[in-house]
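The block underneath contains the structure these notes are about, expressed in structure tokens.
None of the figures in this text is laboratory data; all of them are computed from the coordinates on show. If you're wondering where the values come from, they're calculated on a predicted model, not measured in any experiment. Positions of Cβ are backbone-derived with ideal geometry, glycine not excepted, and every protein chain shown enters the neighbour counts.
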Amino acid sequence: MAEKKNVTSRKGFKTGEYVVYPAHGVGVVTGIEKQEIAGCELEMFVIHFEADKLTLRVPVMKVAEVGMRKLSDKALARKCLALLKGKPRIKRTMWSRRAQEYEAKINSGDLSLVAEVVRDLYRGEDQPEQSYSERQLYEAALERMAREIAAVNKSTQKEAVDKVEDVLSKSAKAFRKAAEDAAAKDAEEGKAA
């Protein structure tokens, strides 16, 4: 009887490696196993999501279809942190439509789109309170982004959250100062006229 060889890599993914599953974020491939389902033998990636205390089995042949991908590289992580420095883009559509768009971006698995949601929903100390649903979406996007940034930089999630919020805070202060300077300039020009 031939012994089953333990498989450690398939389709470019290896056991012990961090991956991103769009609907759940960053997880680690803990194994590749064969299971018989409805009389068919399927190879499955076993992915563990520590923060959610969740283990997911993804058929190897469905990886591309579900959008599972490797962790972003450091260059993309830096680009996404820089994206947070941009001016928030808030569409003037109904909140329910915007909420659906934000949810779709969060679940896309694309770190750049998640960063856009974090940037657009961030509220500084001087800004009005967020609604409950806005806050929930912001926290979901922040957590998803921080998990990937932490895995890329080999840091803790708390350190990644602090880094993201620091960038957002500095950016908000810079926009506020620019607005105050513009208002002061307009006021001086109004007095001179």
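Short version: ³J(HN,Hα) in whole Hz for each residue of segment 47-61, in order, from phi by Karplus 6.51 cos²θ - 1.76 cosθ + 1.60 (θ = phi - 60°), x for Gly and Pro, what are they?
10, 10, 10, 4, 4, 9, 6, 10, 10, 10, 10, 10, x, 3, 6
Between the helical axis of 132-153 and the dominant principal axis of the chain, each derived from Cα atoms, what acute angle in degrees is found, rounded to the nearest 10?
With both axes taken from Cα atoms, the answer is about 60 degrees.
At 222 nm, what helix-only mean residue ellipticity would the chain give, in deg cm²/dmol to the nearest 500, using -39500 (n - 2.57) for each DSSP H run of four or more?
-16500 deg cm²/dmol
Quick one: Karplus J couplings for segment 82-87, per residue in order, coefficients 6.51, -1.76, 1.60, θ = phi - 60°, nearest Hz, x for Gly and Pro?
Computed from phi, the couplings for segment 82-87 are 5, 4, 5, 6, x, 6 Hz.
For a quick check: sort MET68, MET44, MET94, MET61 by the number of other beta carbons within 10 angstrom, fewest at the front. Don't skip to the end; give the middle numbers.
Values: MET68 22, MET44 19, MET94 9, MET61 12.
So the ranking, lowest neighbour count to highest, is MET94, MET61, MET44, MET68.
Go through LYS91/LYS154; LYS105/LYS158; LYS163/LYS185; LYS53/LYS163; LYS154/LYS177 and tell me which ones have a Cα-Cα distance over 30 Å in this structure.
Result: LYS91/LYS154; LYS163/LYS185; LYS154/LYS177 exceed 30 Å.
So if each residue of separation counts as 0.36 nm, and I subtract the Cα-Cα distance between ALA38 and THR15, what length gain in nm does that give?
Values: separation 23, 0.36 × 23 = 8.28 nm, distance 2.59 nm.
Gain on extension, ALA38 to THR15, equals 5.7 nm.
Among SER108, SER72, rank each residue by its count of other Cβ atoms within 10 Å, from fewest to most, as a rough exposure measure.
Sorted ascending by nearby Cβ count, the order is SER108, SER72.
Give the angle, between 0 and 90 degrees and rounded to the nearest 10, that separates the Cα long axis of helix 157-192 from the longest principal axis of the Cα atoms of the chain.
20
Below 8 Å, C-alpha to C-alpha, sequence gap of six or more: please give me the relative contact order for segment 9-70 in percent.
30
Show the residues, 5+ positions off or on another chain, whose built amide H is closer than 5 Å to the amide H of GLU17.
Correct list: VAL29.
So which trypsin sites (Lys or Arg not before Pro) in segment 69-172 end up in coil per DSSP with only 14 or fewer other C-beta atoms within 10 Å? Could the numbers behind the result be given before it?
Details: sites: ARG69, LYS70, LYS74, ARG78, LYS79, LYS85, ARG89, LYS91, ARG92, ARG97, ARG98, LYS105, ARG119, ARG123, ARG135, ARG144, ARG147, LYS154, LYS158, LYS163, LYS170; in loops: LYS85, ARG89, LYS91, ARG92, ARG123, LYS154.
Here the trypsin sites (Lys or Arg not before Pro) that fit, given the DSSP loop and packing criteria, are LYS85, ARG89, LYS91, ARG92, LYS154.
Taking 8 Å as the Cα distance limit and 6 or more residues as the minimum spacing, I'd like the relative contact order of the chain as a percentage.
18
So what J values fall out for segment 96-113 if you push phi through Karplus, 6.51 cos²θ - 1.76 cosθ + 1.60 with θ = phi - 60°, rounded to Hz, Gly and Pro as x?
Values per residue, Gly and Pro as x: 4, 5, 4, 4, 5, 5, 4, 4, 5, 5, 4, 8, 6, x, 8, 4, 5, 5 Hz.
Would segment 74-190 count as rounded, prolate or oblate if I go by the C-alpha gyration tensor, calling it rounded below 1.5 in a/c and otherwise prolate when a/b exceeds b/c, oblate otherwise?
Because a/c hits 1.5 or more and a/b fails to exceed b/c, segment 74-190 counts as oblate.
Once you charge only the Cβ atoms, +1 for Lys and Arg and -1 for Asp and Glu, what is the size of the charge dipole of the chain about its Cα centre, to the nearest 20 debye? Before the final figure, lay out each step's value.
Details: 36 positive and 31 negative charges, 101 e Å.
Dipole about the Cα centre, nearest 20: 480 debye.
Most exposed first by the Cβ proxy, i.e. fewest other Cβ within 10 Å, how do CYS80, CYS40 rank? Present the calculation step by step, with values, prior to reporting the outcome.
Working: CYS80 25, CYS40 7.
Least to most surrounded, the residues fall as CYS40, CYS80.
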